[in-house]
Amino acid sequence: MERLSQDVESFKRQSQALGTNEQQITQLEDRLNNLEQSYSELSGRLDSLERRSISSTPQASQPGGVTGGGFGSMQSEAPVYNEGYRNLSEGNYKDARDQFNSFLSNNPSSPQAADALYWIAESYYREGKFEEAILEFQKFIDTYPKDDRVPLSYLKQGLSLTSIGRNEEAKLFLQTLIDKFPKSEEARIAKEKLRELAVKR
């Protein structure tokens, strides 16, 4: 979109000097408007997927979600995990990672271990540390390949790569998502993102 904006300005300057290219300017402005609308829709749908991911995680929506059994070790898990999730929600990403990593070190077999690993990756993504996010999402995918958040992890890997200008690699991740989860909402977003990347070429 930024590139198209520059093209529009360039054509406008040429038009002022030569009195031509009006049709090309209009076409570029239309393309820019369409891309802006598409980007806005994709952002909204990604936010919706994130909210769905949070709401589908009982431990996230219900702090202290480890229950039953009366085992002291299970009960002791909750405060560390909940503190990590609170820090994540408040934007204290480093503190959140410290808590989740501590939780995983002490409770590697916990039912909440998958959640903790996912939130570590998510914390990097939200913080804009995209290279770290890509690696952590991959760790999550490799460790929990049947988790419902795997498609979203692939999508965020692809979006992370586009954010740091590695579009060709992003296409591979987005296509992998489409191939593995063709009927998912994440796959539909990936297809739109691939079309957007094709326009930018």
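Computed from the coordinates by the stated procedures, all read-outs in this text should not be read as laboratory data. These figures come from a predicted structure and were not determined experimentally. For neighbour counting, all protein chains shown are included, and Cβ atoms are generated from backbone atoms with ideal geometry for every residue, glycine included.
For a quick check: sort Tyr144, Tyr125 by the number of other beta carbons within 10 angstrom, fewest at the front.
Tyr144, Tyr125
Take the cross-link list Lys156/Lys193; Lys146/Lys183; Lys156/Lys183; Lys129/Lys180; Lys171/Lys191 and give me the ones stretching past 19 Å between alpha-carbons.
Distance filter (> 19 Å) returns Lys129/Lys180.
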